[in-house]
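A short worksheet on the structure shown next.
Just so it is clear, none of the values below were taken in a lab; they were calculated from the coordinates. Just so we're clear, the structure is a prediction, and the values are computed from it rather than from any experiment. Because the Cβ atoms are built from the backbone with ideal geometry, glycine has one as well, and the counts that use them run over all protein chains shown.
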Amino acid sequence: MKILTNICSNDLPKSRDFYIELLGFKVKYDSDWYVQLCSPENSEVEYGIIQRNHELVPKAYQNTPTGMYVTFVVNDVDLTYEKALEMKIVIVEKPRNEFYGQRRFLAKDPNGCLIDICSPWEAE
């Protein structure tokens, strides 16, 4: 089994560039209605972005997402946080160490999707 997460976007180029700049994704497929990105370390780890009002997205699901978030595990969460600040990304929660062994911050992508960016953390 393989899982592919797709999010909806009102502006595919802006969304594509956001994930490329912040997380280093590579473009696998790019069209006027869908973009497929992949991890720079593993091309099998994919992330899709579909035009929000495309016919493949049911009308009832063409809204800003709520009640979910997408997690990205990075090598250095603090470095990624600094990059997010430089990009003037909306930060929902600043980096902090969580009880379950992750250091994370929360941000909003250009589509209003909540993203969780984290790295493993061990107590000293």
Under 12 Å, Cβ to Cβ, from residue 65 - net charge with Lys/Arg +1 and Asp/Glu -1: +1
Mean-position separation - Cα centroids, the range 90-107 and the range 23-42, in angstrom: 25 Å
Inter-label distance, nm, simple model (7 Å from Cα along the C-beta direction), residue 62/residue 79: 4.1 nm
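I want the local charge near residue 35. Using Cβ-Cβ distances under 12 Å, sum +1 for each Lys or Arg and -1 for each Asp or Glu among the other residues. Let's see the in-between values first.
Details: positive: 14, 16, 26, 28; negative: 11, 17, 30, 32, 46.
So the environment of residue 35 carries a net charge of -1.
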Gain upon complete extension [residue 121, residue 99; 0.36 nm per residue less C-alpha separation]: 7.0 nm
Positive-end residue, the chain charge dipole about Cα centroid, Cβ charges, pick of 112, 73, 60: 60
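Where does the charge balance sit around residue 2 when Lys and Arg score +1, Asp and Glu -1, over other residues with C-beta under 11 Å from its C-beta?
On the way: positive: none; negative: 44, 46.
It works out to a net charge of -2.
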Members of 2/83; 14/83; 2/88 lying beyond 25 Å, as alpha-carbon distances in this model show: 2/83; 2/88
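Work out the length of the dipole vector of the range 5-120 about its Cα centre, built from +1 on the beta-carbon of each Lys and Arg and -1 on the beta-carbon of each Asp and Glu, and round it to the nearest 20 debye.
Details: 13 positive and 17 negative charges, 62 e Å.
I would put it at about 300 debye.
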